[in-house]
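The values are calculated or read from the model by the stated rules, or taken from the named source; none is laboratory data. Note that the coordinates shown come from a computational prediction; the quantities given were computed from them, not determined experimentally. Note that each Cβ is placed from the backbone with ideal geometry, even for glycine, and that neighbours are counted across all protein chains shown. These accessible areas exclude ligands, DNA and RNA; they are computed on the full protein's heavy atoms, side chains included. Shrake-Rupley method; radii C 1.70, N 1.55, O 1.52, S 1.80 Å.
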Amino acid sequence: MSGYEKPTKRLLEVLNGIRHDRPPIWLMRQAGRYLPEYRELRARKGGFLDLAYDPECAAEVTLQPIRRFGFDGAILFSDILVVPHAIGQDLWFEEGEGPRLAPRLAETDISALIGAPELLQPIYETVRRVSAALPPETTFLGFAGSPWTVATYMVAGRGSRDQAEARRLAYRDPAAFGAIIDMIIRTTVTYLSGQIRAGVEAVQLFDSWAGSLSPAQFDRWVIAPNRRIVDEVRALHPETPIIGFPKGAGGKLAAYAIGTGVDAIGIDETVDPVWAHRSLPPELPVQGNLDPLALIAGGEALDREVDAILAAFAGRPHIFNLGHGILPDTPIAHVERVLERLQG
């Protein structure tokens with residue numbers, strides 16, 4: 001007997017329903033522009049996609065916040081729009097304006113696109129590199145965009161404030177919109193399965209624009225497609241937990257949790273954590289939900305928000321996180337303050 005004790009992956013345990021007195025922590029967009037080491041690498045490398053599709057650089061970015069903060073989870077550095085890129089749309093980023101996709105599916109049938117699944121291979125290589133380099137106690141998270149959110153970009157060719165073009169198409173021609181959703185589901189299952197085979201230990205489905213739909217449309221274009229992904233990924237990888245993050249779902253959170261069958265649910269900063277604990281299925285692991293602006297504000301306001309979240313979710317498995325992505329002007333000292341608060 002060597003006496004070696006395998007390190008505990010607390011985040012993975014929470015995703016499997018085990019409650020810890022100190023919740024594990026990771027932060028959405030924790031690898032990004034608030035870190036000087038990221039800004040330095042980005043300046044040397046150039047464009048965002050050049051960084052995301054370079055396994056050596058993407059692995060380095062994924063590892064940067066783990067080295068600095070020792071978070072319990074590392075999140076793969078990539079983007080949800082690599083899926084439409086692999087489906088066959090051109091993808092680029094306009095400086096200061098965000099992503100662009102062409103041709104727009106408001107004007108082109110999805111069957112006209114020629115798939116390019118080889119574009120995902122560098123991301124699997126990134127996963128392999130990170131998996132080999134992570135501390136043994138750190139859980140490695142992969143991710144993909146959920147079909148509704150990805151479809152809004154594919155239809156409009158860019159992000160939009162109200163997702164009007166996708167919503168119009170879904171009402172006007174649900175068969176055509178359904179074909180887009182079906183293609184996203186198939187590609188996403190392949191993509192997540194590839195990440196898992198390469199080394200991620202859990203995956204998150206980001207539905208950033210779930211809050212823009214009516215209840216009936218939410219059932220059709222958020223719950224049902226995510227359920228299909230959950231079922232198909234679970235059939236291939238039954239040991240891999242799946243986190244659902246339907247931003248803006250609000251009062252539809254419980255329906256989402258039950259309808260999709262996710263193993264854990266992320267909640268955004270607009271949700272009252274006391275209400276969420278009371279309304280969600282008992283013992284379902286919850287992730288969230290500090291306001292990213294409270295993290296920027298710091299001080300006593302930050303302490304109060306952290307303490308309120310910890311108190312609300314003390315009775316269930318909980319992963320501490322933000323209600324959305326960390327913002328570029330977030331002071332590093334404030335992240336350190338949250339870690340100190342969590343660690344006692």
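If I filter region 308-322 for residues that are farther than 23 Å from G244 by Cα and either assigned to a helix (DSSP H, G or I) or in contact (Cβ under 8 Å) with a residue 12 or more places away in the chain (or both), do I get at least one hit? So far as region 308-322 goes, no, none of its residues is farther than 23 Å from G244 by Cα and either assigned to a helix (DSSP H, G or I) or in contact (Cβ under 8 Å) with a residue 12 or more places away in the chain (or both). The set of residues in region 229-248 being more than 18 Å from D182 (Cα to Cα) and either open to solvent by less than 10 Å² (accessible area, probe 1.4 Å) or of a type in the set (F, W, Y) (or both) consists of P241, I242, I243, G244, F245, P246. Listed by position, the helices (runs of 4 or more DSSP H) enclosed by region 84-200 that each have at least 1 residues that are within 30 Å of D72 (Cα to Cα) are 121-133, 147-156, 174-198.
Let's see how each residue does on (1) within 30 Å of P136 (Cβ to Cβ); (2) at pLDDT below 95; (3) of a type in the set (A, V, I, L, M, F, W, C):
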| residue | (1), (2), (3) |
| --- | --- |
| A198 | yes, no, yes |
| F206 | yes, no, yes |
| A210 | no, no, yes |
| D219 | no, no, no |
| R227 | no, no, no |
| D231 | no, no, no |
| I243 | yes, no, yes |
| G251 | no, no, no |
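I'd like the full set of residues that are open to solvent by 10 Å² or more (accessible area, probe 1.4 Å), within 18 Å of N321 (Cβ to Cβ) and part of a loop (DSSP other than H, G, I, E, B), limited to region 35-77. Of everything in region 35-77, those that are open to solvent by 10 Å² or more (accessible area, probe 1.4 Å), within 18 Å of N321 (Cβ to Cβ) and part of a loop (DSSP other than H, G, I, E, B) turn out to be G70, D72, F77. Within region 157-168, is even one residue open to solvent by less than 10 Å² (accessible area, probe 1.4 Å), farther than 24 Å from I243 by Cβ and in contact with a strand residue (DSSP E or B) (Cβ under 8 Å, 6 or more places away or on another chain)? Within region 157-168, one or more residues are open to solvent by less than 10 Å² (accessible area, probe 1.4 Å), farther than 24 Å from I243 by Cβ and in contact with a strand residue (DSSP E or B) (Cβ under 8 Å, 6 or more places away or on another chain). Checked against (1) among the aliphatic types (A, V, I, L, M); (2) open to solvent by less than 10 Å² (accessible area, probe 1.4 Å); (3) closer than 22 Å to R10 by Cα, A210 passes all but a single condition, namely (3).
Is there a residue being within 26 Å of D207 (Cβ to Cβ) and either more than 18 Å from the chain's Cα centre (by Cα) or aliphatic (A, V, I, L, M) (or both) anywhere in region 1-8? The answer is no; no qualifying residue exists. Do we find that T270 is polar (S, T, N, Q) and open to solvent by less than 40 Å² (accessible area, probe 1.4 Å) in this structure? No, not satisfied.
Reported count of residues in region 10-30, each being open to solvent by less than 70 Å² (accessible area, probe 1.4 Å), modelled with pLDDT of 95 or more, assigned to a loop (DSSP other than H, G, I, E, B) and out of contact with any Leu (no Cβ under 6 Å at 6 or more places or on another chain), is 4. Set side by side, the residues L253, L290 differ, and just one is in contact with an Asp or Glu (Cβ under 7 Å, 6 or more places away or on another chain) and buried (at least 21 other Cβ atoms within 10 Å of the Cβ), which is L290. Being open to solvent by less than 20 Å² (accessible area, probe 1.4 Å) and within 20 Å of the chain's Cα centre (by Cα) is a property that holds for G145. Scanning region 302-314 for residues that are surrounded by 13 or more Cβ atoms within 10 Å (Cβ to Cβ) and either touching a Gly at 6+ places or on another chain (Cβ under 6 Å) or not acidic (D, E) (or both) yields L302, V306, A308, I309, L310, A312, F313.
Suppose the filter is free of Cβ contacts under 8 Å to residues at least 24 places away in the same chain and crowded, with 20+ Cβ neighbours inside 10 Å; does E94 pass it? Spelling it out, it is not the case that E94 is free of Cβ contacts under 8 Å to residues at least 24 places away in the same chain and crowded, with 20+ Cβ neighbours inside 10 Å. Scanning for something closer than 16 Å to G157 by Cα, of a type in the set (S, T, N, Q) and at pLDDT 95 or above, does region 84-100 turn up at least one residue? There is at least one residue in region 84-100 that is closer than 16 Å to G157 by Cα, of a type in the set (S, T, N, Q) and at pLDDT 95 or above.
Out of A133, A74, A112, one residue alone is among the small types (G, A, S) and either touching a Gly at 6+ places or on another chain (Cβ under 9 Å) or free of Cβ contacts under 8 Å to residues at least 12 places away in the same chain (or both). It is A112. Residues that are at pLDDT 95 or above and open to solvent by 40 Å² or more (accessible area, probe 1.4 Å) were ranked within region 315-333; the one that is nearest to the chain's Cα centre (by Cα) is H324.
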